Amino acid sequence: MKAEETPRRPCDQASRNNEARLRRLVDILQHPSDTIQEFLDYALKQAIELTDSRIGYIYHYSEATSEFVLNTWSEEVMAACQIEKQETIYQLDKTGIWGEAVRQRRPIVINDFQKENSLKKGCPNGHVAMTKFLTIPVVKDKQIVGVVGLANKATDYDETDILNITLLMEAVWTVTESKKVAEALRSSEEKLKAIIETSPDGIAISTMDGMVEFVTAQTVAMWGYDSQDEMIGRNILEFVHQSYHEKAIYFITEMINGHLTGAAEYLMVRKDGSLFYCETNANILRDKNKNAIGVLHIERDITERKKLEEELKDLVIKDQLTGLYNRRKIDEVLKNQKTETDRTDQSLAIIMADIDLFKRVNDQYGHLVGDRVLTEVTEILAKGIRKSDVLGRWGGEEFIIICTDTDLAGAMVLAEKLRKMIESHVFYLAGKKTCSFGVSQLRKDESIDALLSRSDQALYRAKDQGRNRVAAEI
C-alpha cells in the first residue's frame, strides 16, 4: 500500500463547506423577495451553485394527500424542456425514482442516472437529459413538507452535498414558514389569530425589556407549562439557558439596530429543568412611526434535528460498517497529533494491523461473514487499546492505531498484546483468524507520509515472515 503524497485536510474542507453554506444562507435571507415563490426560487439557485449542479427543482409535499406541488424548476430546465404538457401536481404513487426520497424518507443519490434501475418509470418526451441526481426530503416535525432535487453535477454527489443541502433547506424552510406567518400578519386580525394558534411553531411576543406579553399554546406545551398565565409577565431570558443569555442579548440588539440576524439556535430550559434545543426567528415589532415596541419570537424544537446533524457528521468521518474513524478522519487526527508532538516533544507511534488471509473468508463464507469478522476484530482492538489511543479503519481489512505519548517499545508491547487477543479469539463461522502488525515511531522532523510508509514496510515484513507477528520499522 502506497501512502498518499499529500495528506488530506478534512478539517479545513469542513470549515470551508460550513462557511460556504452559511454564506449562501445569509445571501438567501438578505435577498429581497416579495413572495415565498421568489424566495424559494432564489434558494434553489443557491443550492444549485453550492453543489455545482446544473439544474434543480423544489416541490412542496403534503403527507395528508401524498401530493407533490411544484414550486419551481431552475431556469436552465425551463429553457431546455420540450415537454408539451408540463405537470405541476404529482401523486406519490405516480412518481418514479425521484419520489423515493419520500417513500424511503431519506436522501437518494444516483451518480449514474443512465444505469438500469427498477425504480425508474421513465421520462416524458422532451425531458431534460439527466446524468447524476440527488434528491432530499425536507422534514419538519417528523413530516415531509418538501422535496429538493439537484442534477447533472460534473462530479459525483457525496455526503458533503447531502449535509450541505439538508441543513441549508432546513433553515430555508423554517424561514419560508416564518414568511408565511409574516404574510398572514399583513392580513386580517382574525386570520392572524387562526394562523398563530394553529402554527406548529411556538410564537411569543415580549416587550423591549424582555417581559413576555403573549404566548401560543404551542409555546406553553414546548416549555412544559400548564397555562399561558404561567409564562406571561416573566422575562424571556428565564426560559433560555444561562450559557446562551449573552448570545440572545446580542441578537436582539442587532435587530434593534436594523441588522437582519436570521434564525438562531438556543439551549432552552423547560419548567421541569430539562433542556432542549430551540431555533428562534425573531423580529422587532414597530409602531407606525417605526419605533420599536416589542419582539416577535417564532420558536421550534430542533432537538431531533441536532441529533440528525450529528449523525450526518458521523457519515462523513466514520466507517459505516465498523463505526470507527475512516481514513479521512484519521488523516486529520494524524496531522493534529504531529502538531502536538512537535510542540511538546512527546513520542508518537502508530500500529498498522492487517487481517491475515482475509480474502479466504470472503471466498469461502461470503461477504456477510467477512463483515462479521471485521466487526469482531474492531471490538477486540477497541477493547485492547488505551483510552488515549485512536483506532481507525485504514481500508479493507486494515486498521490503524495512533498511540499518543508512546515510544516504539511501548507500541510494540501493545501490538503484541492485541495480536494474542485476536489469535485466541474464535470468530463466527470463520473460526481462528490472526493479524499481522507493523509498528513505527515518528522521527524528529519526519512527515506523516514517511511515518505511514515505514509502518507499511514493517507490516509487509511481518506478512513475509509468516504472518501472525509484530514487526517494527526503526
query: Roughly how many whole Å is it from the C-alpha centroid of the stretch 242-256 to that of the stretch 360-401?
result: 48 Å
- prompt: By the gyration tensor of its Cα atoms, with a ≥ b ≥ c the square roots of the eigenvalues, what is the shape of the stretch 322-443: rounded for a/c under 1.5, prolate for a/b over b/c, or oblate?
  reply: prolate
query: Given 0.36 nm per residue, what is the gain on full extension from E311 to D209 after removing their alpha carbon distance, in nm?
result: 32.9 nm
message: In whole Hz and in residue order, list the ³J(HN,Hα) couplings for the stretch 395-412 that follow from phi through the Karplus curve 6.51 cos²θ - 1.76 cosθ + 1.60, θ = phi - 60°; x for Gly and Pro.
response: x, x, 9, 10, 10, 9, 10, 9, 9, 7, 6, 9, 8, 4, 4, x, 5, 4
- prompt: By how many nm would the segment from T404 to H31 lengthen if fully extended, with 0.36 nm per residue of separation less the alpha-carbon distance?
  reply: 129.4 nm
- prompt: Which cross-chain or sequence-distant (5 or more) residues have an amide H under 5 Å from the amide H of H31, H modelled 1.01 Å from N in plane?
  reply: none
field: Amide proton proximity set for I302, modelled H, under 5 Å, gap of 5+
entry: Y277, C278, E279
- prompt: Among M231, M352, which comes first, then next, by fewest other beta-carbon atoms within 10 Å?
  reply: M231, M352
- prompt: Under the Karplus relation 6.51 cos²θ - 1.76 cosθ + 1.60, θ = phi - 60°, what is the ordered set of whole-Hz ³J(HN,Hα) values for the stretch 92-107, x standing for Gly and Pro?
  reply: 4, 6, 9, 8, x, 5, 6, x, 5, 4, 7, 4, 8, 6, 7, x
- request: List the trypsin sites (Lys or Arg not before Pro) within the stretch 312-381 that fall in a DSSP loop (any state other than H, G, I, E or B) and whose Cβ has at most 16 other Cβ atoms within 10 Å.
  value: none
task: With a/c under 1.5 counting as rounded, go ahead and sort the chain into rounded, prolate or oblate using the C-alpha gyration tensor (a ≥ b ≥ c being the square roots of the eigenvalues; past the cut-off, prolate if a/b is larger than b/c, else oblate).
output: prolate
- prompt: What residues of the stretch 369-413 lie in the reach of a label at A450, counting those whose backbone N is under 14 Å from a point 7 Å from the Cα along Cα→Cβ?
  reply: none
query: Relative to a virtual label point 7 Å from the Cα of A129 in the Cα→beta-carbon direction, which members of the stretch 145-174 show backbone nitrogen distances below 18 Å?
result: 151-156
- prompt: What are the GluC sites (Glu not before Pro) within the stretch 213-313 that DSSP puts in a loop, where the Cβ has at most 14 other Cβ atoms within 10 Å?
  reply: none
- line: Under the rule rounded for a/c under 1.5, else prolate if a/b exceeds b/c, else oblate, using alpha carbon gyration tensor axes a ≥ b ≥ c, the stretch 198-262 is classed as prolate
Footprinting exposure proxy for T176, T131, T155 (fewest neighbouring C-beta atoms within 10 Å first): T155, T131, T176
message: If amide hydrogens are placed 1.01 Å from N in the peptide plane, which non-local residues have theirs closer than 5 Å to the one on L285?
response: I293, G294, V295, L296
field: Unsatisfied cross-links (Cα-Cα over 29 Å) in the set K94/K153; K329/K432; K313/K335; K307/K329; K115/K180; K306/K329
entry: K329/K432; K115/K180
- request: In whole Hz, with x marking every Gly and Pro, tabulate ³J(HN,Hα) for the stretch 282-293 from phi via Karplus 6.51 cos²θ - 1.76 cosθ + 1.60, θ = phi - 60°.
  value: 10, 8, 7, 8, 10, 7, 5, 9, 6, 7, 5, 10
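Any read-out appearing in this document is the output of simple, stated calculations on the displayed coordinates, not a laboratory observation. Keep in mind that what you see is a predicted model, and the values were worked out from it rather than measured. All Cβ positions, even for glycine, are placed from backbone atoms using ideal geometry, and neighbour counts span all protein chains on display.
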